[in-house]
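What follows is a short report on a single structure.
The values are calculated or read from the model by the stated rules, or taken from the named source; none is laboratory data. Treat the numbers as computed from the prediction; the structure is a model and nothing was measured. So basically every Cβ, Gly included, is an ideal-geometry build from the backbone, and we count neighbours across all protein chains shown.
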């Protein structure tokens, strides 16, 4: 599971790491001002807001405390404030609002703050608040305001994981009630997550992670993160980061232009090509992963539903789907590497053909770099031993980057994808989070055969006819309940699988990027090593460029983590 991070703090640290470089090079003053302005207007002003709403005694503050991991909000049975209490938490603003049934002036305060919220957590409990008509009228107002409602069902009775059929029945009632108040396109307007706040708190206070894991809190965090990535606040952050990347690109180019050594300039050009290729690959691979994960999110509900009476088979089929997904991603990375290898081979060939005088100070460095590139390739049998007068006499085929990349990539990719343990984790959690709580509720279906049988049984006199009518009416009511239960269950499975697919995509993106970085690192290392040695000798510009490239790459990774493809 990917935790909610303090992206504001992370971005502030990145900015602090860049600022000394601008101070070091006064000629870049215009770029420094642009960088500072973007941070001030597009980054620091963004503070995603999570609004906690609902019946005041349903456990709003308890849920809020467990989300924050600390006892910050007051847990009261009656409303004690006529204002919204804000909590700063990991770069997010959490608003604890006066509850429904609070005095009217309190409710007006809540509604005034609703428009500012990025997402809304609407807390109900399993002990009656889910049946209050006022809940659903307020939900309709939230939905009409264009907000996605994350309904948090606080399991006060301790049924989660023990009597999931009871919880599922409550969820079905919630779904029916939302439809009855006239919420348009209701399936897209909300999702339900069950959390046992008391269990989560006990696990937190007593340091028992297994209790927290059984509380449903992790699922709530997954859903919150997935929904935040779809908000305007995260759009603004992603756009701001992309602008910062653009400024850094211009800054790096200006520093590269000031280098005097032909060898250093060429090394910077090679590393720039490697960086550009990695970013390009990252974007293409991430787009592919997102597409495949979305397809998995659409396929899983069908698999679960069609095999709902055989849970062990669901595990096996899902494991196969995950294995198939891993295979697809591995092949896509290798395909991207094949295209990348062609570009990088040309760049390295261009590097090997630069004119270096055998008597110059750069000659030894040039020889060492070529030898290391040769050693990095699986095609190379012997390293270059001498530096001829004209570098064009080198046999560039000894570098062999294309073959080296492709022959070594499979194992590296598989290793990083295996670290996610998605298959194992998914098989263990899907039934608990999705199917396990649905199957017991639906039970045996009422078929046409059973109805025909009932008709035959009660054919006879008028009294029998009256009994038959009553039986049919009861069967009709039961059939309606069954259909409603199926609709709600299938809708919930679809939502949970979508969030699960989001989580899988995040893990796979991280694994894919790590594998690509490791595969290409052996070809970048000779250049980075030489630049580091030059820094030790007092030549700073190249080392600064190298560090700025690393920060640029970190910004790009952050943007991806925030949901950019």
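The table below lists the values:
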quantity	calculated
Selection status of residue 309, in the same structural domain as residue 560 (by TED's automatic domain parsing) and not in a helix (DSSP H, G or I)	yes
Residues (touching a strand residue (DSSP E or B) at 6+ places or on another chain (Cβ under 6 Å) and at pLDDT below 85) located in the stretch 62-85	72, 73, 84, 85
Residue tally, condition in contact with a helix residue (DSSP H, G or I) (Cβ under 6 Å, 6 or more places away or on another chain), closer than 12 Å to residue 125 by Cα and buried (at least 24 other Cβ atoms within 10 Å of the Cβ), over the stretch 49-62	3
Odd one out for residue 259, checked against (1) surrounded by fewer than 17 Cβ atoms within 10 Å (Cβ to Cβ); (2) outside any helix (DSSP H, G or I)	(1)
Qualifying residue in the stretch 143-154 (condition: modelled with pLDDT of 80 or more, under 28 Å from the mean Cα position of the chain (by Cα), surrounded by fewer than 19 Cβ atoms within 10 Å (Cβ to Cβ) and part of a helix (DSSP H, G or I))	yes
So residue 207, is it at pLDDT 90 or above and assigned by TED's automatic domain parsing to the domain that holds residue 65	yes
Residue match in the stretch 33-48 (condition: surrounded by 15 or more Cβ atoms within 10 Å (Cβ to Cβ), in a helix (DSSP H, G or I) and free of Cβ contacts under 8 Å to residues at least 24 places away in the same chain)	yes
Selection status of residue 332, farther than 30 Å from residue 553 by Cα and in contact (Cβ under 8 Å) with a residue 24 or more places away in the chain	no
Residue tally, condition within 20 Å of residue 167 (Cβ to Cβ) and in contact (Cβ under 8 Å) with a residue 12 or more places away in the chain, over the stretch 192-213	13
Top-ranked residue of the stretch 223-256 - restricted to ones that are touching a strand residue (DSSP E or B) at 6+ places or on another chain (Cβ under 9 Å) and not in a loop (DSSP other than H, G, I, E, B), ranked as farthest from residue 92 (Cα to Cα)	223
Any hit, the stretch 292-301, residues being in the same structural domain as residue 268 (by TED's automatic domain parsing) and modelled with pLDDT under 85	yes
All positions within the stretch 330-352 that are under 16 Å from residue 270 (Cβ atoms) and either outside the structural domain of residue 523 (by TED's automatic domain parsing) or surrounded by 15 or more Cβ atoms within 10 Å (Cβ to Cβ) (or both)	340, 341, 343, 344, 345, 347, 348, 351, 352
Conditions (1) under 20 Å from residue 57 (Cβ atoms); (2) modelled with pLDDT of 80 or more; (3) crowded, with 16+ Cβ neighbours inside 10 Å; (4) touching a helix residue (DSSP H, G or I) at 6+ places or on another chain (Cβ under 7 Å): number failed by residue 175	(1)
Subset of the stretch 98-136 (residues that are farther than 29 Å from residue 158 by Cβ, at pLDDT below 70 and under 32 Å from the mean Cα position of the chain (by Cα))	110, 111, 112
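Okay, residues lined up against (1) closer than 25 Å to residue 141 by Cβ; (2) over 27 Å from the mean Cα position of the chain (by Cα):
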position: 206; (1), (2): no, yes
position: 210; (1), (2): no, no
position: 215; (1), (2): no, no
position: 227; (1), (2): yes, no
position: 237; (1), (2): no, no
position: 242; (1), (2): no, no
